[in-house]
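Asks: Below you'll find the structure I mean.
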Amino acid sequence: MTTAPATAAATSLYIDGAWVAARSGDTREIVCPADGAVVATVSEAGREDTERAIAAARAAFDSGVWPSVPAPRRGDLLLRTAARLRERREEFARAESLDTGKRIVESRIDMDDIAACFEYFGRLAGQEAGRVVDAGDNAVVSRVVHEPVGVCGMITPWNYPLLQAAWKMAPALAAGCTFVLKPSELTPSTAMLMMDVFEELGLPAGVANLVTGAGAAAGAPLSEHPDVDMVSFTGGLETGKRIAAAASATVKKVALELGGKNPNVVFADADFDAAVDNALNAAFVHSGQVCSAGARLIVERSIAERFVDELVRRAEGIRLGGPFDDGAETGPLISAAHREKVDAYVRAGVAEGARLRCGGRSGDGDLEAGQYYLPTVLDRVERGMSVVVDEAFGPVVTVETFGDEDEAVATANDTHYGLAGAVWTQDAGRAQRVAGRLRHGTIWINDFHPYLPQAEWGGFGQSGVGRELGPSGLAEYQEAKHIYQNTAPQVTGWFADHGKGK
Ligand SMILES: NC(=O)c1ccc[n+]([C@@H]2O[C@H](COP(=O)([O-])OP(=O)(O)OC[C@H]3O[C@@H](n4cnc5c(N)ncnc54)[C@H](O)[C@@H]3O)[C@@H](O)[C@H]2O)c1
Ligand SMILES: C[N+](C)(C)CC=O
């Protein structure tokens, strides 16, 4: 059983440096999906609360209180943020686990990754003062500088709540932007703790603002409002399309990190045990609620039967449990509604002809109190079937087979997404060839899942627009400005002076 922290926070909106309640007075209970315990009560923001937060972010930006701080000093605040996060790691990890049901060991890893993200952008801030351009004229001084985009709306999902927000907040602050963050309505707790850290470290009022509430009410103004210069969204494809469409009315800058249907390609010469073990990680870590989950296993035909038998045997043995259960290897799904969606997806696959090898149902016994769904393997699937095309965002892996390299690549690229993928082989030449041909934003060779703050993350195709992390992750929050100075202005004579002498 999870125990709730004593938060009865009817004032969970952080606007202009103050904790306030929703204007409506509405609140929402946050429920741990591992056992249904209420772990927090937070304010439920509506449109007018978000508009207040936007006004605060706009005023803070326009006053220059943050954008005019020299970039190395902004970087210093990010480094101090990282240090504070490391000190408060356990408190943050616990809050994340209670909201998501994620195992505490995974939440601790997330907190370390978040601190590393703040450190990376803290160091990157101020490293580059723009560039001088040779205009081909000695009288001209021409340079390109990078300025903050302005007020950013940030909308984030529930699976990696603070991590996905950190990938936006850290570069935005490094660039000199101000922002309004709207985390998933299901998992707001660590975002609240984060505002507490910013306040503690003296970030000026109005630079970081937080609204907790549902997407259509609290989130939509961030893509619609003319005072927001950029909206950065991480979440599902359909929501991303809605946000991009809404943002077009004011021609905002838009960054989208969307879903994936990620291929995990295994050649017959791969290290068998490592490939099976990592296929389990790829599909079932965090019960598959990972944008880059290896949900499409694509195995060379000659080893497919043995490989899948072993995968099924291992999947059947995975132990499920709550965040603080030391024996658990993975946790619950986020909600009852999501579990129903995953189950319907599996049923649709079976109805289309897939063979259910294991799982395909909720957990029983002790697991009945939570939103558990058993690791599920579906084989005998074909390209075009819904389970091969659509993201399940649950512990479900489908198995396809191939005969040669060309077929492997064609199968792996046959998706409207393009977020991530892996290739398993001991042939270094083939590994590089296949990696080069896969149309996905991240390719792992003989590994699955690692990401680094210094390496870009994002999708090809309908997995998104733009990149987070790496130098491009900072550039997302910057506008390039060309400053051209003529130090010896002269009459050009382009237009004759027809009035001269009159
Ligand atoms: N590419 C990545 O890096 C990445 C990372 C994590 C998750 N994801 C994706 O996120 C999805 C799962 O997350 P989810 O279920 O929270 O996604 P979701 O799209 O349902 O919700 C994401 C966020 O959008 C908000 N929202 C919903 N409707 C909105 C609207 N009309 N206007 C503004 N905001 C709105 C929600 O309240 C939430 O905060 C999966 O598809 C997953 O692949 C992608
Ligand atoms: C981006 N990542 C892998 C941390 C989480 C995706 O859901």
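The values are calculated or read from the model by the stated rules, or taken from the named source; none is laboratory data. Bear in mind that the values here come from a model prediction, so they are computed numbers and not experimental data. Note that each Cβ is placed from the backbone with ideal geometry, even for glycine, and that neighbours are counted across all protein chains shown. Areas reflect the complete protein model, heavy atoms only, side chains present, ligands, DNA and RNA absent. Shrake-Rupley method; radii C 1.70, N 1.55, O 1.52, S 1.80 Å.
This table checks each residue for (1) more than 10 Å from ligand 1 (Cβ to nearest atom); (2) aliphatic (A, V, I, L, M); (3) under 22 Å from the mean Cα position of the chain (by Cα).
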site	(1), (2), (3)
Leu201	yes, yes, no
Gly219	no, no, yes
Glu224	no, no, yes
Val254	yes, yes, yes
Gly259	no, no, yes
Ala270	yes, yes, no
Asn281	yes, no, yes
Gln289	no, no, yes
Gly294	yes, no, yes
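Asks: I need the full set of residues from the stretch 462-502 which are more than 29 Å from Phe61 (Cβ to Cβ), open to solvent by less than 60 Å² (accessible area, probe 1.4 Å) and under 46 Å from the mean Cα position of the chain (by Cα), in order please.
Replies: Ser463, the sole residue that qualifies.
Asks: Output yes when any residue across the stretch 137-151 is more than 16 Å from ligand 2 (Cβ to nearest atom), in contact with a Cys (Cβ under 7 Å, 6 or more places away or on another chain) and not aliphatic (A, V, I, L, M), and no when none is.
Replies: Yes: the stretch 137-151 contains one or more residues that are more than 16 Å from ligand 2 (Cβ to nearest atom), in contact with a Cys (Cβ under 7 Å, 6 or more places away or on another chain) and not aliphatic (A, V, I, L, M).
Asks: Return the total of residues in the stretch 243-297 being touching a His at 6+ places or on another chain (Cβ under 9 Å) and either hydrophobic (A, V, I, L, M, F, W, C) or at positive phi (or both).
Replies: 4
Asks: Moving on to the next point. Could you give every pair whose Cβ atoms fall below 7 Å, whose first residue belongs to the stretch 134-159 and is in contact (Cβ under 8 Å) with a residue 12 or more places away in the chain and at positive phi, and whose second residue is more than 16 Å from ligand 2 (Cβ to nearest atom) and part of a loop (DSSP other than H, G, I, E, B), counting only separations of at least 6 or pairs across chains?
Replies: Qualifying pairs under 7 Å: Gly150/Cys177; Gly150/Asp229.
Asks: Out of the residues in the stretch 150-165 that are of a type outside the set (A, V, I, L, M) and more than 8 Å from ligand 1 (Cβ to nearest atom), state the one that is nearest to the chain's Cα centre (by Cα).
Replies: Per the stated criteria, the residue is Pro161.
Asks: Still on this structure: From the set of residues in the stretch 278-313 that are closer than 17 Å to Arg361 by Cα and away from ligand 2 (no atom under 16 Å from the Cβ), which is surrounded by the fewest Cβ atoms within 10 Å (Cβ to Cβ)?
Replies: That would be Arg313.
Asks: Could you say whether any residue in the stretch 97-114 is closer than 20 Å to Val207 by Cβ and in contact (Cβ under 8 Å) with a residue 12 or more places away in the chain?
Replies: yes
Asks: Specify which of the listed residues (Ala93, Ala60, Ala45) is touching a Leu at 6+ places or on another chain (Cβ under 6 Å), open to solvent by less than 60 Å² (accessible area, probe 1.4 Å) and not in a strand (DSSP E or B).
Replies: After ruling out the rest, the residue left standing is Ala45.
Asks: Testing Ile114 on (1) of a type outside the set (S, T, N, Q); (2) crowded, with 24+ Cβ neighbours inside 10 Å; (3) part of a loop (DSSP other than H, G, I, E, B), one condition comes back false. Which one is that?
Replies: Answer for Ile114: the failing condition is (3).
Asks: Output yes when any residue across the stretch 169-184 is modelled with pLDDT of 95 or more, of a type in the set (Val, Ile, Thr), surrounded by 24 or more Cβ atoms within 10 Å (Cβ to Cβ) and away from ligand 2 (no atom under 16 Å from the Cβ), and no when none is.
Replies: Yes.
Asks: May I ask you to list the residues in the stretch 148-185 that are in a strand (DSSP E or B) and either within 17 Å of Arg88 (Cα to Cα) or among the aliphatic types (A, V, I, L, M) (or both)?
Replies: Residues satisfying the conditions are Val151, Met154, Ile155, Val180, Leu181.
Asks: Just one of Gln462, Gln454 is within 17 Å of Ser292 (Cβ to Cβ), modelled with pLDDT of 95 or more and touching a helix residue (DSSP H, G or I) at 6+ places or on another chain (Cβ under 7 Å); which is it?
Replies: Gln462
Asks: Kindly list the number of the only condition in (1) open to solvent by 70 Å² or more (accessible area, probe 1.4 Å); (2) at pLDDT 95 or above that fails for Ala55.
Replies: Only one criterion in (1) open to solvent by 70 Å² or more (accessible area, probe 1.4 Å); (2) at pLDDT 95 or above is unmet by Ala55, namely (1).
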